[in-house]
Amino acid sequence: MANQNQSTTDFDNYSIKEQQLLLDFCKELTTAKTKKVATYSLKHWAEHYFEVFGGPSYVSTGAMNIALLKSGFELDSEGIYAQANVAPKCEKILKQKCQKADFIAQAKEQIEQGLAEEYGRL
C-alpha cells in the first residue's frame with residue numbers, strides 16, 4: 001500500500017501555485033470504498049480540467065499520486081499502475097463541469113465578437 005512517504009520529487013517539481021491547483025482538483029473528487037480508479041486516468045482528468053479552468057498542461061502520474069495522498073485518498077500501490085479510492089462517478093461529473101465551462105466561454109466569446117462587430121458599424 002502506498003503512503004505519503006513515497007518520493008515527492010514529481011510533486012515538488014511543480015510551482016507552489018500548480019501544487020495548490022492539483023490539491024484543489026483533488027477536492028473535486030469524492031472517495032469510494034474500493035480502489036478502482038487508476039491514477040494514470042486521474043492525471044488525464046486533471047489535464048482536461050486544467051485545460052478548461054487553467055493550470056498545468058501536463059500532470060505527471062507521480063504528482064497526481066502525491067496530490068491524492070496529501071488530500072486523504074488511498075492508493076493500493078505506487079507508480080503509474082496505482083489505483084485510488086476515487087468514486088468512478090467523478091469522471092462524469094468533471095466532464096459535465098468542463099463542458100458547461102466550455103459552453104459558457106464559447107458563448108461569451110460569441111457575444112463579445114458580436115458586440116465588437118456591432119460597435120464597428122457605428
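The values are calculated or read from the model by the stated rules, or taken from the named source; none is laboratory data. Keep in mind it's a predicted model, so treat the numbers as computed, not measured. Note that we place each Cβ from the backbone using ideal geometry, even for glycine, and neighbour counts take in every protein chain shown. Quick note on the areas: whole protein, heavy atoms, side chains included, nothing else; ligands and nucleic acids left out. Shrake-Rupley method; radii C 1.70, N 1.55, O 1.52, S 1.80 Å.
For segment 69-80, the condition holds for at least one residue, the condition being that it is open to solvent by 50 Å² or more (accessible area, probe 1.4 Å) and part of a helix (DSSP H, G or I).
Touching a Phe, Trp or Tyr at 6+ places or on another chain (Cβ under 8 Å), at pLDDT below 95, open to solvent by 30 Å² or more (accessible area, probe 1.4 Å) and at negative phi - does that describe any residue in segment 2-15?
In the first step, residues of segment 2-15 are kept if they are touching a Phe, Trp or Tyr at 6+ places or on another chain (Cβ under 8 Å); the result is none.
Scanning segment 2-15 turns up no residue that is touching a Phe, Trp or Tyr at 6+ places or on another chain (Cβ under 8 Å), at pLDDT below 95, open to solvent by 30 Å² or more (accessible area, probe 1.4 Å) and at negative phi.
Would you confirm, using the coordinates I've provided, whether LYS100 is part of a helix (DSSP H, G or I), closer than 15 Å to HIS44 by Cβ and without any contact (Cβ under 8 Å) to a residue 40 or more places away in the chain? Outline the logic, then answer.
Numbers: part of a helix (DSSP H, G or I): yes; closer than 15 Å to HIS44 by Cβ: no; without any contact (Cβ under 8 Å) to a residue 40 or more places away in the chain: yes.
Judged against the criteria, LYS100 is not a match.
Residues in segment 61-94 that are of a type in the set (Lys, Arg) and out of contact with any helix residue (DSSP H, G or I) (no Cβ under 8 Å at 6 or more places or on another chain): LYS89, LYS92.
Among the residues of segment 81-111, the one identified as more than 22 Å from VAL52 (Cβ to Cβ) and exposed (fewer than 13 other Cβ atoms within 10 Å of the Cβ) is TYR81.
GLY114 falls short on exactly one of the conditions (1) assigned to a helix (DSSP H, G or I); (2) open to solvent by 90 Å² or more (accessible area, probe 1.4 Å); (3) at pLDDT below 90; (4) not aliphatic (A, V, I, L, M), and that condition is (2). Against the criterion of being modelled with pLDDT of 90 or more, in contact with a Lys or Arg (Cβ under 7 Å, 6 or more places away or on another chain) and open to solvent by less than 50 Å² (accessible area, probe 1.4 Å), THR39 does not qualify. Considering every residue within segment 36-53, establish whether at least one is part of a helix (DSSP H, G or I), without any contact (Cβ under 8 Å) to a residue 60 or more places away in the chain, under 18 Å from ILE93 (Cα atoms) and in contact with a strand residue (DSSP E or B) (Cβ under 7 Å, 6 or more places away or on another chain). Among the residues of segment 36-53, at least one is part of a helix (DSSP H, G or I), without any contact (Cβ under 8 Å) to a residue 60 or more places away in the chain, under 18 Å from ILE93 (Cα atoms) and in contact with a strand residue (DSSP E or B) (Cβ under 7 Å, 6 or more places away or on another chain), which makes the answer yes.
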